[in-house]
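The structure appears right after this line, and notes come after that.
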Amino acid sequence: MTTRTASEPTGPAPLLDLQVLVVAVRRRRRLWSSVAVVGMLLGGASAVLLPPPPTATTKLLVAHQEDQPNDPGTLIRTDAALLQTTRIADQALRALGSREKSEDFMEDYEAVGLTNNLLRIDVAGTSEAEAVARARALADAFVADHVRRIRQAADAEAKALLDQRDRLRKDLAEVDRTIGEGSQDDGPKVSANRESLFARRAELTSQISDFGRRAAEARIGTPRLVSGTQIVDAPRLVRHSLPRTAATNAGIGLALGLALGLGVAAVGAVVADRPVLRREIAGHLGASVIAELPGRSPRWWRRR
């Protein structure tokens, strides 16, 4: 008795075998490891050959009329955005006596809100002295602009309140005139009218006093906000650690070089292992080649 074992048909091999690709990439480890080392060396060398420009930093304490304990930082982010405007940049450039364009100057500094009321300004310059001078000019320009806006807002609010008070005073004068010209009769209708006029005069007097008090309070809070906006950390240079910068750049270069090397090795492995013959492609696809396109004649190709 003989037993026949039929071999099961094997499926077509895939066009891209990940296991084979991994093995091929491992065989090319000299390539991607060399690229990674080159990237690390270039990154470390960039810290020495391309050092960062001199940078100065300063911190400002900024007081706001709308300060709230639960503020999510909207006000200080607005202050940081205001520093990136041509108005602040132009004021700083005028203080420095520089003819540089404000758009170019704004690319050399940035502002970051550390807390709801603490703002940090980082400024780069061509030299250490220039960086410190730029930071000082920017801080002074921002403080002056912030104080001016506070005073303008307080003056506008006080003026609106005083205008309303003056309108009420005119109404009060009209009521007093009506009371003075009123009849001296003691009839019920006249007495009721006189009582309403006196009540109206008392109401207007109270409102006039209230508007005057609010106008005074609007201006009283201004000195507190002005004194609360100041430079708390004088401009100073930011010291860069060369070993730390070199290590950081080397790590970045190593990661980029490793990624590039692995990519090149993977592409090379796929290209080297690609099917060339029609029967190989047919085997991968699980189909048979039944026809082929005729080749182009050289004469027709030359006409094209």
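Brief remarks on what is shown
- Considered as a group, the residues in the range 138-158 that are touching a residue at least 24 places away in the same chain (Cβ under 8 Å) and among the charged types (D, E, K, R) include one that is surrounded by the fewest Cβ atoms within 10 Å (Cβ to Cβ), and that residue is Asp155.
- Subset tally (residues that are loosely packed, with under 14 Cβ neighbours inside 10 Å and not in a helix (DSSP H, G or I)) for the range 210-229: 0
- Residue within the range 123-132 that is surrounded by 13 or more Cβ atoms within 10 Å (Cβ to Cβ), out of contact with any Lys or Arg (no Cβ under 7 Å at 6 or more places or on another chain) and of a type in the set (Ser, Thr, Tyr) present: no
- Of all residues making up the range 70-125, the number that are assigned to a strand (DSSP E or B), among the small types (Gly, Ala, Ser) and touching a Gly at 6+ places or on another chain (Cβ under 7 Å): 1
- Hits in the range 89-109 - residues which are surrounded by fewer than 13 Cβ atoms within 10 Å (Cβ to Cβ) and closer than 11 Å to Ala141 by Cβ: Arg94
Just so you know, all these numbers are worked out from the coordinates, no wet-lab data involved. This is a predicted model, so every value here is computed, not measured. As a convention, Cβ positions derive from the backbone with ideal geometry for all residues, glycine included, and neighbour counts pool all protein chains shown.
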